[in-house]
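Everything on this sheet refers to the single structure shown next.
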Amino acid sequence: MHKVYLRFYEELKDFLPEEKRKKRFVHNYIDRTTVKDLIESLGVPHTEVDLILVNGNSVGFDYLINDGDDISVYPVFESLDISDFQHLRPKPLREPKFVADVHLGKLTRYLRVIGFDVLYKNDYKDDEIVQISLKERRAILTKDGKILKRNEVTHGYFIRTKDVEEQVIEVIKRFNLQTAIKEFTRCLECNTELIKIAKEKIDGNLPPKVNESHEEFYKCPGCGKIYWKGTHHQKMLSFVQRMKTMNSD
Ligand SMILES: [Zn+2]
């Protein structure tokens, strides 16, 4: 039997049982594995990891563990200055774009409210999500840790919380999106960017009350839906305001 010493830092604790959190622990093993397989066998998806130090030196995911190794694993955001070390995360995607798993319909709509590009279908298969992520360079948002452990996945984030506003905050913090918020610019139904449309160019009848009290309209070129600043908009305004003014440290 061989052993290594492991410590996972900061929010990586979310994936560990209580007794392995916030401390160094011993892990026994029989067969040598890569450090990636070791980390994932303990429940932490590789997409959550940005830096691995083995006996003080940074290593890649393909590093083969040795008896007695002292392994420290750091998440993507860690206040420690790690600029001298080899980061394992690929560079952040320049335009933040996402594909969400089937459990995240509500989060998808909320992210669209603040202008973020999120693809979603309630019947996506895991393979489809991975393919879309790779082909369109979209980060995967998921409540399913399994999908983030797949080798080919490069960008993804595991959603921790249940409350949708908390989930939005998680995504904003992880991908550093606060200054990129562009509220009410995207169709909540189909994700297409909205365009302004003159009232007289709207096909079909608007509800009479809306016709009387609104002059500003937007149309979705994707599905044709017309948007105006009605009650839904009012409801969402305070959410948007909270997202723009929250402390994102
Ligand atoms: Zn639409």
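Each value in this text was obtained by applying a stated rule to the coordinates, not by laboratory testing. For clarity, every value in this text was computed on a predicted model and none was experimentally measured. No Cβ is skipped: glycine too gets one built from the backbone with ideal geometry, and neighbour counts run over all protein chains shown.
For the reader, a short list of remarks on this structure follows.
- Burial ranking of peptide ranges 113-120, 14-21, 127-134 (average Cβ count within 10 Å, highest at the top): 113-120, 127-134, 14-21
- Derived scalar couplings ³J(HN,Hα) [the range 168-176; Karplus, 6.51 cos²θ - 1.76 cosθ + 1.60; whole Hz; x for Gly, Pro]: 4, 4, 4, 5, 4, 5, 4, 9, 6
- Helix-only mean residue ellipticity at 222 nm for the chain, each DSSP H run of n ≥ 4 adding -39500 (n - 2.57), per residue, nearest 500: -7000 deg cm²/dmol
- Cut-off under 5 Å, modelled amide H: who pairs with Val99 long-range: Leu119, Ala139, Ile140, Leu141
- When the Cα convex hull of the range 92-168 is projected onto planes of every orientation, the mean area is 4.7 nm².
- Largest to smallest principal axis extent of the C-alpha atoms in the chain, angstrom: 77, 35, 31
- The 3J(HN,Hα) values that the Karplus relation (6.51, -1.76, 1.60; θ = phi - 60°) gives for the range 114-130 are, in residue order, 9, x, 8, 7, 10, 8, 7, 9, 6, 10, 4, 8, 3, 4, 5, 4, 5 Hz. Gly and Pro appear as x.
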